[in-house]
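Participant: Can you keep this structure in mind? I'll have questions shortly.
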């Protein structure tokens with residue numbers, strides 16, 4: 001009976017699904033950014049290219065380094081609000 005409860009607990013934990021979903025959606029967005037960058041390069045839209053690169057760098061931080069990004073945002077929030 002105890003083994004069954006542990007199995008049910010593992011099935012209701014969506015941590016692995018969240019990680020998988022973040023990777024799939026994040027990488028799809030990065031692919032979209034890459035296509036946009038090629039188009040913007042061909043049209044010589046340098047300002048739009050810069051903003052697309054900045055957005056892609058932020059997405060890379062959240063997709064490939066989620067714990068570091070969470071810690072960084074927590075530290076920034078703590079500095080802004082003054083909470084310790």
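Participant: Shape verdict for region 14-81, please, from the Cα gyration tensor: rounded (a/c under 1.5), prolate (a/b greater than b/c) or oblate. Present the calculation step by step, with values, prior to reporting the outcome.
Facilitator: Values: a/c = 4.57, a/b = 1.49, b/c = 3.07.
Cα axes put region 14-81 in the oblate bin.
Participant: Peptides 29-35, 60-66: what's the order by average Cβ count within 10 Å, highest mean first? If you can, show how the numbers build up before the last one.
Facilitator: Numbers: 29-35: 13.3, 60-66: 15.0.
Going by the mean number of other Cβ atoms within 10 Å, highest first, we get 60-66, 29-35.
Participant: To continue, here is another question. Using 7 Å Cα-to-Cβ label points, what is the residue 62/residue 28 separation (nm, one decimal)?
Facilitator: Between residue 62 and residue 28, the simple spin-label model gives 1.5 nm.
Participant: With an 8 Å Cα cut-off and a minimum separation of 6 or more residues, compute the relative contact order for region 14-81 in percent. It would help to have the intermediate numbers written out before the result.
Facilitator: Values: 24 pairs, mean separation 21.7, N = 68.
Contact order relative to length: 32 percent.
Participant: Could you line up 53, 80 from fewest to most neighbouring Cβ atoms inside 10 Å? Can you show the working numbers first?
Facilitator: Values: 53 13, 80 8.
With the fewest neighbours first, 53, 80 line up as 80, 53.
Participant: With a point put 7 Å past each Cα toward its Cβ, work out how far residue 77 is from residue 18 in nm, to one decimal.
Facilitator: A separation of 1.2 nm, rounded to one decimal place.
The numbers here are math on the coordinates, done by the rules we state, and not lab data. Predicted, not measured: the structure shown is a model, and the values here were computed from it. We place every Cβ from the backbone using ideal geometry, glycine too, and count neighbours over all the protein chains shown.
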